[in-house]
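First the structure, in the form of structure tokens, and then the observations on it.
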Amino acid sequence: MEFSLKTSAPEASRSACQIITVSQPRKLGKSGQRVDRTSKGYLSAVMKRGDMDGKPGQTLLLPAVPGLNSKRVLLVGCGKDSDMNERVFTKVVGAAMTALQVCGAREAEIYPADITLKGRDLAWKVRHAVMLAGNSDYRFNACKSGKAERPTGIRKLAVVVDKAGAAAARQAIAQGYAISAGMSLARDLGNLPANICTPSYLAKEARALARGNKRLTVKVLEEADMKKLKMGSLLSVGAGSRQPSKLIIFEYRGAAAKEPPIALVGKGVTFDTGGISLKPGLMMDEMKFDMCGAASVFGTLKAVSELELPINVVGAVPAVENMPDGIATKPGDIVTSMSGQTIEILNTDAEGRLILCDALTYVGRYKPRCVVDIATLTGAVIVALGKVPSGVMGNNRALINQLIKCGQQIDDKIWELPLWDEYQDQLKSNFADMANIGGRDAGTITAACFLSRFTRDYKWAHLDIAGTAWLGGDAKGATGRPVPLLTQFVMNQVEA
Ligand code: BES
Ligand code: MN
Ligand code: ZN
């Protein structure tokens, strides 16, 4: 979808469709009132007749409103002003986009200033509307045969604000667009099946992302390179797979070379069978999404490049396939990580931490200002927090607080779990420096405890996105989270 900015008067619009909000009871916003006046009270009359109450998400399409030059008006209910919040806002934009899917308009105008949302300025509303609209027409058709369905809905959305708001709105449109583009990329990579989206495929896509992008470079470490670096832990995970493992390194240079980068490390298990500790069959197909942490690094780097942010970012993606095989790693095997610490692999299904630990050691060479890893790491995070927030833990209070704040800012929620020392005892091994699992209790925390042993040299936070990176059931598919959170984080670091 394309986005543009207009500062023209709503009553003079020649748009194919004006999206006009109605709050309860039957109240128009400022632009709506101006349009209503020009139409000699047509919108008011429709509401008085009882055809539009303003219930949240309710829509009514009015073709050829008398007195207007625009071809249609879409009324969208916003509920009571006092009940307006981020969720209702999301619902309102979604309802408008759905209604536009079934009408002939290919272009529309919205008036974000008409909605009053406590604690959110115009820029937020514009950015969020663009982000949501940009995601509303996402479809994954790459693997469907036959004629692709003809796209319906609008191709262009104009954001209309007054002159005073234009500068802020212009920047907000760019941000919302960049984030939605990053989310689309993350969703595409997540949704691709594991027979297509292999570690080699991810490496190829990484190079494609960097192509024609002056600030972004990619290098790919092959298994031989990783052997030289003594990444015994990472390499043990791919041992049972015919697909060679890769460590994909992105370097985004937006600032002087001497500026320490932000490092983002994303779990890229392109399929997780569990290995010899084989998973049960039920819903195992969803383990193609086990590279969504990696996908969020791709998506964030796309958004950061799109916005040409003046900051340095390193992205590290350990990409592997976790398979059972005659030479696969077995429970009880002991491996030596790049850090020199030894690990007893008691469960080959706790593989994410085994690839992350070597990638985390590797990014230490960049002397990063901070490191954030993103991983579909534990089923336990869904037990603890459900599918609403991602889990966050780390070794630096300020960094965790910043991330939580970013999540609130962009409405991509995260919630902290305690990374207390007491939990570290659960990783004791009789035979190696540590075990790769910590028993049944507090599985999300002991996974983070494991990672914490490889991140002592820098400020670090870990995001467990197992509950948020994809949806199951009828809506099965990747969500693109936490690209909004991570992009917001990088944007905020530019200012800091
Ligand atoms: N990729 C899974 C985590 C996962 C499971 C995400 C289900 C979403 C839904 C991870 O590699 C894994 O298998 N974790 C194990 C860890 C356990 C063996 C300590 C888990 O969560 O069961
Ligand atoms: Mn696993
Ligand atoms: Zn996994």
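The values are calculated or read from the model by the stated rules, or taken from the named source; none is laboratory data. Here the structure is a predicted model, which is why all the values come from computation and not from measurement. We place every Cβ from the backbone using ideal geometry, glycine too, and count neighbours over all the protein chains shown. Ligands, DNA and RNA are excluded from the accessible area calculation, which covers all protein heavy atoms including side chains. Shrake-Rupley method; radii C 1.70, N 1.55, O 1.52, S 1.80 Å.
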Q: Kindly list, by first and then second residue, each pair from a residue in region 375-388 that is closer than 18 Å to G480 by Cα and of a type in the set (S, T, N, Q) to a residue that is within 16 Å of ligand 2 (Cβ to nearest atom) and open to solvent by 20 Å² or more (accessible area, probe 1.4 Å), limited to pairs with Cβ atoms under 9 Å and residues at least 6 apart or on different chains.
A: T376/M287; T376/W470
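Within region 145-171, how many residues turn out to be at pLDDT 95 or above and farther than 30 Å from S31 by Cβ?
Narrowing region 145-171 to residues at pLDDT 95 or above: 154-171.
Keeping just the survivors that are farther than 30 Å from S31 by Cβ gives none.
Residues flagged as at pLDDT 95 or above and farther than 30 Å from S31 by Cβ within region 145-171 amount to 0.
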Q: Please identify the pairs in which a residue from region 154-176 that is under 18 Å from A96 (Cβ atoms) has its Cβ atom under 6 Å from the Cβ atom of a residue that is among the basic types (K, R) and surrounded by fewer than 24 Cβ atoms within 10 Å (Cβ to Cβ), counting only partners at least 6 apart or on another chain.
A: I154/R106; R155/R106; A158/K6; V160/K6
Q | Criterion: surrounded by fewer than 16 Cβ atoms within 10 Å (Cβ to Cβ), at negative phi and either of a type in the set (S, T, Y) or in a helix (DSSP H, G or I) (or both) - qualifying residue of A203, A208 | A | A208
Q) Which condition number in (1) open to solvent by 40 Å² or more (accessible area, probe 1.4 Å); (2) closer than 28 Å to L234 by Cβ; (3) of a type outside the set (D, E) is the one that K405 fails? A) (2)
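Please report, ordered by residue number, the strands (runs of 3 or more DSSP E) entirely within region 222-286 with at least 1 residues that are within 16 Å of ligand 3 (Cβ to nearest atom) and within 28 Å of the chain's Cα centre (by Cα).
On the way: elements: 246-253, 262-266, 268-272.
So the answer is 262-266, 268-272.
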Q: Please name all residue pairs, on different chains or six or more residues apart, with Cβ atoms under 6 Å, provided the first residue is in region 317-330 and is away from ligand 2 (no atom under 16 Å from the Cβ) and the second residue is aliphatic (A, V, I, L, M).
A: V317/I248; V317/A294; V317/V297; I327/A239
Q. Looking at (1) in contact with a helix residue (DSSP H, G or I) (Cβ under 8 Å, 6 or more places away or on another chain); (2) within 12 Å of ligand 3 (Cβ to nearest atom); (3) in a helix (DSSP H, G or I), which is the only condition G299 fails?
A. (2)
Q | Residue check for L74: within 14 Å of L157 (Cβ to Cβ), not in a helix (DSSP H, G or I) and not small (G, A, S) | A | yes
Q. All but one of (1) among the aliphatic types (A, V, I, L, M); (2) within 16 Å of F450 (Cβ to Cβ); (3) away from ligand 2 (no atom under 16 Å from the Cβ) hold for I345; which doesn't?
A. (3)
Q: Filter region 287-323 for residues that are polar (S, T, N, Q) and under 23 Å from A350 (Cα atoms) and give the result.
A: S296, N322
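Residues are listed down the side, and each one gets a yes or a no for (1) among the polar types (S, T, N, Q); (2) touching a Lys or Arg at 6+ places or on another chain (Cβ under 7 Å):
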residue: T152; (1), (2): yes, no
residue: R155; (1), (2): no, yes
residue: A181; (1), (2): no, yes
residue: L185; (1), (2): no, yes
residue: L192; (1), (2): no, no
residue: L209; (1), (2): no, yes
